[in-house]
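K.L.:
Sharing a structure, written as structure tokens. Questions coming.
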Amino acid sequence: MKVYAHRGYSGKYPENTMLAFQKAALTGCDGIELDVQLTKDGKVVVIHDEAVDRTTGGNGYVRDFTWDELVRFNAGAICGGKYGFQPIPSLEEYCAWAAGQDLVTNIELKSSVYYYEELEEKTIELVKKYGLEKKVFYSSFNHMSLVKVKEIAPEAVCGALLLHEGLGNAGYYCDRFGFQAYHPGCKGLTEEIVRGCKEHSIQVNVWTVNDMGTLEQLYEWGCDGVITNYPEVCKSWVDKR
């Protein structure tokens, strides 16, 4: 079972920052999950919320700031300034770093609350620029974004993100639309759903797994991956098993 660091090593460091990604890499995890949106001037940036308020202490929506304005916000504020000033990364900065790492990256397209024009195109362009096509897969709660990804890059690996309620007949659904993976929340997942996905050769990567009981259960069910805030703990446990 693969271990993916949720927004980097977000259980300890400021989420979706280069510091969190670098610290995650040191844990030996298999990959990193991150979120992308677009600035007012069309630059792909790594941040989870549509607004900057929670993570930076600033105020306003990502889409209303230019890159030069956005980079002035301190993404380290979410940890009370413990790690100093941490700028919001651009996806290009991340890709340049990831090109030298033995890691898989799960890029979540944040297009389900506000639909960004050309987010898919710009993201794929950067992935290709840094030769990461075989080290990246895409996910989104907006499955039309994944359909768009497949139109642009048919070979791209995509995972359908679902909330904890999940989706009935998920394996067939993903197979029907060409998605190679199913990414459900951990609370509503059952062994039957996992089995149904396996019958359609669909991978199951589960979020956000932060307790050992859930981790062990998902391992026993044969899930392919877990997305966790604590990659060091999960990776150590999986390796021992």
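K.L.:
Could you quote the convex hull projected area for segment 163-241, Cα atoms only and averaged over all directions, in nm²?
P.N.:
Quarter of the Cα hull surface area: 4.9 nm².
K.L.:
Let me ask something else about it. Based on the Cα atoms of segment 36-103, what semi-axes does the equivalent ellipsoid have, where each is the square root of 5 times one gyration tensor eigenvalue, given in whole Å with the largest first?
P.N.:
So the equivalent ellipsoid measures 20, 16, 9 Å along its semi-axes.
K.L.:
Quick one: work out Rg over Rh on the C-alpha atoms of segment 1-141, Rh as Kirkwood radius.
P.N.:
0.94
K.L.:
Would you mind checking Lys23/Lys240; Lys128/Lys235; Lys43/Lys122; Lys23/Lys235; Lys2/Lys129; Lys122/Lys150 for any pair whose Cα atoms are more than 18 angstrom apart?
P.N.:
Going by Cα-Cα distance, Lys23/Lys240; Lys128/Lys235; Lys2/Lys129 fall outside the 18 Å limit.
K.L.:
Choose one answer from Asn142, Asn210, Asn59: the residue with the largest mean-square fluctuation in a GNM of the chain with alpha-carbon springs under 10 Å.
P.N.:
Asn59
K.L.:
What is the log10 of I(q)/I(0) for segment 101-168, computed with the Debye formula using one identical point scatterer on each Cα and no solvent, at q = 0.20, 0.22, 0.23, 0.29 Å⁻¹?
P.N.:
At q = 0.20, 0.22, 0.23, 0.29 Å⁻¹ the computed log10 ratios are -0.79, -0.93, -1.00, -1.41.
K.L.:
Quick one: which residues, 5+ away or cross-chain, put their amide H under 5 Å from the amide H of Gly166? H built at 1.01 Å from N.
P.N.:
So Gly166 has HN proximity to Gly185.
K.L.:
Once you put a point 7 Å from the Cα of Phe177 and another 7 Å from the Cα of Glu93, both along the Cβ direction, what distance in nm separates them?
P.N.:
Going by the 7 Å Cα→Cβ label model, 3.3 nm.
Readers should treat all values here as calculations from the given coordinates under stated rules, not as data from a laboratory. All of these numbers come straight from a predicted model, not from anything done at the bench. Neighbour counts run over all protein chains shown; Cβ positions are idealised from the backbone, glycine included.
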